[in-house]
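Student: I am attaching a structure below and will ask some questions about it afterwards.
None of the figures in this text is laboratory data; all of them are computed from the coordinates on show. What you see is a predicted model; the values in this text were computed from it and never measured. Here the Cβ positions follow ideal geometry from the backbone for every residue, glycine too, while neighbour counts run over all protein chains shown.
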Amino acid sequence: MPPSILPARSEQIGVLPVKRALPRRECRSVGPFVFVDHMGPIDLPAGAGIDVPPHPHIGLSTLTYLYEGSMLHRDSLGTQIEILPGAVNWMTAGRGIAHSERSSPASRAKAERLHGIQIWVALRREDEECDPQFASYEAAAMPEFQSDGYTARLIAGAFEGRRSPILRDDMICIDLVLQKGSFALPLAEQLAVYVSSGQFSIEGQSVSTGDLVLISESELTISGEGRCMIFGGDALPEQRFFYWNFVSSSKDRIVRAKKEWQEQSGPFAPRLPDETDWLPLPEV
């Protein structure tokens, strides 16, 4: 069966243009991956920046990965860190975390291009109520595979005998830059390729920037020139429910999270450092 191609839909988050690849009506998840946003690229003039005020999450991990530019991450654990290109930032919400994403004062002072990927990964049901955590890994910490025609960085999981510091045995995520030749896609129960830039061919089908490619067969290769994110893993054994930034295997848990965010109680009681505003619960 040939791969399915789903063009990402365009969204706008403040000044930031976004291509949303997941979730889709045709595909709610790929392995435990339930959300994929391609941010930018956007050229921000000096004095401008992005501002995403504090907002909550439960039941998932977020993976923020920049190709260009920078973002300042703050969260309710007290973390304050500037996210830079190539670093892998892994925030596990568990029972609840709030965070903001903004341009730092230094990045606002100059013109800057912002370009990157943000991914949500559903936690296993037994881990949905774990304590929130944040980890940041420099680019040099991620296993890298190189040949004459490509550079592949292992963002999460295990591949070709090497392991990422973000290790879950039910998932894999690879950042691939391909200049020539081909790359053999990893094996997984469910697998997808998102094209961040350039043009590729998979099983004779041409795909380009903004395309999500759902892989239905094993032992396929990708060829062409550009950059893509390869991700997938074991299918989620239970249904996941979504509301705004909340993901859970329980509808009742989402109802509780909504109440906690409205009241700024429970896991959302701690205030973020240097933040005064927050995003209200949407009326959906």
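Student: Where does helix 251-263 land angle-wise versus the long Cα axis of the chain, in degrees 0 to 90, nearest 10?
Tutor: 50
Student: Then there is this: As an exercise, find the ratio Rg/Rh for the stretch 97-228 from alpha-carbon atoms, using the Kirkwood inverse-distance average for Rh.
Tutor: Radius of gyration relative to Kirkwood radius: 0.99.
Student: Please work out the C-alpha center-to-center distance from the stretch 176-243 to the stretch 1-25 and express it in whole Å.
Tutor: 14
Student: What does the extension gain come out to for Arg256 and Asp43, with contour length at 0.36 nm per residue minus their alpha carbon separation?
Tutor: Details: separation 213, 0.36 × 213 = 76.68 nm, distance 3.94 nm.
Contour length minus Cα-Cα distance gives 72.7 nm.
Student: Of Lys110/Lys180; Lys19/Lys110; Lys110/Lys259, which sit over 29 Å apart, Cα to Cα? Don't skip to the end; give the middle numbers.
Tutor: Numbers: Lys110/Lys180 35 Å; Lys19/Lys110 25 Å; Lys110/Lys259 40 Å.
Correct reply: Lys110/Lys180; Lys110/Lys259.
Student: Counting every Cα pair in the stretch 190-242, what percent are over 13 Å apart?
Tutor: 60
Student: Right, here's the next one. Taking one equal scatterer on every alpha-carbon of the stretch 1-150, how large is log10 of I(q)/I(0) by Debye at q = 0.12, 0.18, 0.20 1/Å?
Tutor: Relative scattering, expressed as log10 I(q)/I(0), comes to -0.56, -1.20, -1.38.
Student: Within 10 Å, at most 12 other Cβ atoms, and a DSSP state outside H, G, I, E, B define an exposed site. Report the longest part of the chain free of exposed GluC sites (Glu not before Pro).
Tutor: 27-137
Student: Here is a follow-up. At 10 °C and 1.306 mPa s, what whole-number value in µm²/s does Stokes-Einstein give for the translational diffusion of the stretch 1-71, with Rh from the Kirkwood sum over Cα pairs?
Tutor: This corresponds to a translational diffusion coefficient of 110 µm²/s.
Student: Then there is this: Can you run the Rg to Rh ratio on the chain? Use alpha carbon positions and the Kirkwood inverse-distance Rh.
Tutor: The Rg/Rh ratio comes out at 0.95.
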